[in-house]
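K.L.:
Please see the structure below; I have some questions.
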Amino acid sequence: MTHETGTLQPDEVRGMFDRIAPVYDAMNRVMTAGLDGRWRKLAVEQAVWPGDRVLDACCGTGDLAVQAERRGGKVVGLDFSEPMLQRARKKSGAIEWVQGDAMAMPFSDAEFDVVTVGFGVRNLEDLGSGLVELARVLRPGGKIAVLEITRPRGILQPFFRLWFDGLVPLAGKVLPGGRAYTYLPASVRRFPGPEDLSALMEGAGFREVRYRLLGGGSVALHTAVKP
Ligand SMILES: C[S@@+](CC[C@H](N)C(=O)[O-])C[C@H]1O[C@@H](n2cnc3c(N)ncnc32)[C@H](O)[C@@H]1O
């Protein structure tokens with residue numbers, strides 16, 4: 001295992017999120033200057049309609065699932081880290097919170113109208129197979145929205161590097177589970193860019209794959225439909 005190359009075994013990823021659960025929400029707010037809430041809202045606006053059955057996979061502490069519920073969805077949140085889910089449960093009693101592995105989910109084929117994933121696909125052991133599993137639980141005509149950190153090109157690149165590769169891991173050093181914040185930039189570095197992720201989504205069977213860049217190009221919101 002190595003945090004520095006951003007490649008960890010699933011048990012190590014889970015252990016890492018178990019440890020950072022107490023500071024996860026606060027770190028999100030600080031790292032994104034409070035913008036993450038706006039990105040989550042945008043993601044659900046692109047995909048969720050009132051009454052939709054929504055799965056938020058890799059739901060963590062539940063912020064994206066809660067946005068989907070506010071939009072009128074009937075929401076299930078799934079994550080493999082119990083400490084992250086404990087925090088999610090406090091945010092909504094109306095959402096069904098399920099502990100499970102996104103690579104092999106305890107749901108039937110075509111069970112959901114919408115699948116959302118916020119900053120989660122980057123952690124999956126095998127991204128291609130993970131996307132196929134997400135497609136499996138979506139009904140034909142259903143929609144997926146994926147938010148993920150990406151590396152901006154152009155003018156913002158040096159600022160992003162200073163912030164993300166320098167200050168974020170440094171902040172992590174003073175927090176419990178701090179090694180996670182060494183893993184974070186490394187995992188983003190090895191993660192496919194938006195074009196490649198679009199191609200992987202096509203390969204997993206999704207169509208009408210589109211993405212838009214947010215946060216000065218540091219976050220990509222991909223949407224697609226299961227044919
Ligand atoms: C960066 S957090 C994102 C949490 C939340 N979606 C958000 O928007 O803040 C990634 C989450 O994915 C979960 N995760 C990673 N791999 C997983 C897997 N194979 N199955 C289930 N959950 C997983 C972790 O436990 C963690 O809570």
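The values are calculated or read from the model by the stated rules, or taken from the named source; none is laboratory data. Not measured: the values here are computed from a predicted model. Cβ placement follows ideal geometry from the backbone for every residue including glycine, while neighbour counts extend to all protein chains displayed. Quick note on the areas: whole protein, heavy atoms, side chains included, nothing else; ligands and nucleic acids left out. Shrake-Rupley method; radii C 1.70, N 1.55, O 1.52, S 1.80 Å.
K.L.:
So, in the range 38-75, how many residues would count as being open to solvent by less than 20 Å² (accessible area, probe 1.4 Å) and under 13 Å from the mean Cα position of the chain (by Cα)?
P.N.:
Count: 12.
K.L.:
Check every one of the strands (runs of 3 or more DSSP E) wholly within the range 28-138 and list those with 1 or more residues that are closer than 18 Å to Lys226 by Cα, near the ligand (Cβ under 8 Å from one of its atoms) and at pLDDT 95 or above.
P.N.:
Strands (runs of 3 or more DSSP E) meeting the threshold: 53-57, 112-118.
K.L.:
Got at least one residue in the range 135-158 being touching a Leu at 6+ places or on another chain (Cβ under 8 Å), without any contact (Cβ under 8 Å) to a residue 60 or more places away in the chain and open to solvent by less than 30 Å² (accessible area, probe 1.4 Å)?
P.N.:
No, there is no match, as no residue in the range 135-158 is touching a Leu at 6+ places or on another chain (Cβ under 8 Å), without any contact (Cβ under 8 Å) to a residue 60 or more places away in the chain and open to solvent by less than 30 Å² (accessible area, probe 1.4 Å).
K.L.:
Moving on to the next point. For Ile155, indicate whether it is among the aliphatic types (A, V, I, L, M) and within 25 Å of Pro50 (Cβ to Cβ).
P.N.:
It is false that Ile155 is among the aliphatic types (A, V, I, L, M) and within 25 Å of Pro50 (Cβ to Cβ).
K.L.:
Filter the range 195-227 down to residues that are open to solvent by less than 70 Å² (accessible area, probe 1.4 Å) and either in a loop (DSSP other than H, G, I, E, B) or among the acidic types (Asp, Glu) (or both), then give me how many there are.
P.N.:
Residues that pass the stated criteria total 5.
K.L.:
Additional query: Could you grab me the full set of residues in the range 107-135 that are more than 16 Å from the chain's Cα centre (by Cα) and closer than 16 Å to Val54 by Cβ?
P.N.:
Phe107, Ser108, Ala110, Glu111, Phe112, Asp113
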